[in-house]
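**Q** One structure follows; several queries about it will come next.
The values are calculated or read from the model by the stated rules, or taken from the named source; none is laboratory data. This one's a predicted model, so the numbers in the text were calculated from it and none came from an experiment. Cβ placement follows ideal geometry from the backbone for every residue including glycine, while neighbour counts extend to all protein chains displayed.
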Amino acid sequence: MQKPALPDNEVERLAALQSYNIMDSDADPVLDDLTDIIAELCNVPIALVSLVDDHRQWFKAACGLNAEQTDKDIAFCAHAIHGDDIFEVSNALDDPRFHDNPLVTGDPHIRFYAGMPLITEDNFALGTLCVIDTKPRILTDKQRQFLRSLAGEVVTRFELERKNRQLMQAQQLQRLISDTNQDYIFVKDEDFRIVFANKAFMTLYPENMQDKIIGYTTVEDYKPEEAEQFLADDRYAFANGRIERFETIVFPDGATRTLFTTKLRFKDTENANYILGVARDVTEREALIDSLKKSNADLDEFAYVASHDLRSPLTAIRRLIEWVKDDAVGKLDPESLRHIEMIETRADRMNRLLSDLLQYSQVGRQQHEAETLELESIVADCVQLIDVPAGFSVTAVNQALLLPKFPLELVLTNLISNAIKHHDKATGNIAVDCQELEASYAIQVSDDGPGIAPEHRQKVFEKFTRLQSEDQVVGSGLGLAMVVKMVEHYGGSIAIEDNAPRGCTFIIQWPKTHSVRDH
């Protein structure tokens, strides 16, 4: 007896067989009938749908045989799966491969065998549709054609079952996803009747009303003006394909909710129109936005107070100090005059701090549209706002930009001013450069000052942070905090690097198409 060899693609073939999930599956009456038909057409007592795995052949359907399986080593079908056409043995007793096979010498006493491989669309042989007789014979051409055709029907049946199983799994997954989704999901037909609703949508209705959702429009459960708005939105979605809107609705369960609803038209396989609705409950988000708006209004009010109510008495104090200084000339000792000057300095610091606090609070509160700018011209405007010492030079490349003007001026003014204030010499150079990248501008502000140690480069962007006392460097500690706040508001970033041979470079990545972050 000759044992069957392994096909060259055995690993892949077995994986394909497993993907159909048919080994040891329940009987299929359709395949049982098919084996009866092929047995009748070929005039044989036995016909099988045989599947071959790594150690056996198992019979998915059988006519004239009670066995469920046999070892692969003695299976005629294990030989048949090596080809792509009918494998035929006219007389097993005369064939050296099978003359001493247990299935020949014992039950069912095979003499004749013909098996057509069950070849998938990926060219893997899962097994065979075979016919068996207890006496030698040869199939006619017509019988061979019947065997080929019905073997194709078996494979088609397997494919259909697999696709149905995959469809059921996809439907179960879709149902699981929709039922665990907290959004309210529904589908309406062209008569505005709900044909699908997920669990979240169903819970909008009291339990005793839920059986009147599917197949109904449900508009009668709402106030007439709300129902009409629903229908108007549905009509618009059917006509135009999509609609999005915010809705504040009193639902049948008595709760008032604010929803952001999207309705999208689609067609089914029969070309019928439907709309898919997805409504997200944004009640808490809208309440948070309202709270944020109130907070912003409070901040505006504070900024107004800081700008007027606090600055007014501060201005009066500074004026009184000037009067005292004028009156004290020649009357007070030097120590007392120094004290008066200290009071004046403190008042100036307070005034500067109020100005910077007001400016910091306004950063990002307004949206400035991008416009065509020249970097060299913008830097020149910034220099006009800064008291640049005579020993310093500020240069810029002549680069065209498409950015919001005021935010860019604020950023560059603070960076240039910062470089001058923290310089350790009476002379210095500040250079503003820019590289246009695919999606952003890389703007660089470089100086030749003392630089910033790596361990301090993140800290300098924090509010009220200063690396030197105000007696050494005048400032509120808000300049770089304003810079990073403005840059991040427009979706950018800022970093610090060394500027060889000395100094540092602030590198700003400013997106060309800026998307403002929510605040």
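**Q** For region 162-208, how many residues meet the condition of being over 30 Å from A15 (Cα atoms) and outside any loop (DSSP other than H, G, I, E, B)?
**A** Qualifying residue count, region 162-208: 18.
**Q** Looking at Q172 and the list (1) farther than 30 Å from R265 by Cβ; (2) not assigned by TED's automatic domain parsing to the domain that holds E220, which single condition is not satisfied?
**A** Going through the list (1) farther than 30 Å from R265 by Cβ; (2) not assigned by TED's automatic domain parsing to the domain that holds E220, Q172 breaks only (1).
**Q** Within region 397-409, is there a residue that is in the same structural domain as R502 (by TED's automatic domain parsing), part of a helix (DSSP H, G or I) and buried (at least 21 other Cβ atoms within 10 Å of the Cβ)?
**A** Yes: region 397-409 contains one or more residues that are in the same structural domain as R502 (by TED's automatic domain parsing), part of a helix (DSSP H, G or I) and buried (at least 21 other Cβ atoms within 10 Å of the Cβ).
**Q** May I ask you to verify whether F98 is without any contact (Cβ under 8 Å) to a residue 60 or more places away in the chain and either in a strand (DSSP E or B) or over 54 Å from the mean Cα position of the chain (by Cα) (or both)?
**A** No.
**Q** Hey, does region 440-448 have a residue that's touching a Cys at 6+ places or on another chain (Cβ under 7 Å), at pLDDT 90 or above, part of a strand (DSSP E or B) and of a type in the set (F, W, Y)?
**A** yes
Okay, residues lined up against (1) more than 22 Å from I494 (Cβ to Cβ); (2) in contact (Cβ under 8 Å) with a residue 60 or more places away in the chain; (3) over 39 Å from the mean Cα position of the chain (by Cα):
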| site | (1), (2), (3) |
| --- | --- |
| D387 | yes, no, yes |
| T395 | no, no, yes |
| E409 | no, no, no |
| K421 | no, no, yes |
| N429 | no, no, yes |
| D433 | no, no, no |
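**Q** Kindly establish whether V219 is touching a strand residue (DSSP E or B) at 6+ places or on another chain (Cβ under 7 Å) and touching a residue at least 24 places away in the same chain (Cβ under 8 Å).
**A** Spelling it out, it is not the case that V219 is touching a strand residue (DSSP E or B) at 6+ places or on another chain (Cβ under 7 Å) and touching a residue at least 24 places away in the same chain (Cβ under 8 Å).
**Q** If you don't mind, another one. Residues L288, L264: which one is closer than 30 Å to A232 by Cβ and at pLDDT 80 or above?
**A** Criteria check complete, one pass: L264.
**Q** In this structure, is R137 in contact (Cβ under 8 Å) with a residue 12 or more places away in the chain, within 22 Å of L41 (Cβ to Cβ) and not in a strand (DSSP E or B)?
**A** The answer is yes for R137.
**Q** Return the residues of region 74-88 that are in contact with a Phe, Trp or Tyr (Cβ under 8 Å, 6 or more places away or on another chain) and either of a type outside the set (D, E, K, R) or over 22 Å from Q143 (Cβ atoms) (or both); say none if nothing qualifies.
**A** F76, H79, A80, F87
**Q** Further question on the same structure: Could you check region 342-389 and list, in sequence order, the residues that are polar (S, T, N, Q) and modelled with pLDDT of 65 or more?
**A** Within region 342-389, T345, Q366, Q367, T372, S377, Q384 qualify.
**Q** So D211 passes all but one of these: (1) in a helix (DSSP H, G or I); (2) loosely packed, with under 15 Cβ neighbours inside 10 Å; (3) at pLDDT 85 or above. Which condition number does it fail?
**A** The failed condition is (3).
**Q** Only one of (1) assigned to a loop (DSSP other than H, G, I, E, B); (2) surrounded by 13 or more Cβ atoms within 10 Å (Cβ to Cβ) is not met by A27, so which one is it?
**A** Of (1) assigned to a loop (DSSP other than H, G, I, E, B); (2) surrounded by 13 or more Cβ atoms within 10 Å (Cβ to Cβ), only one is false for A27: (2).
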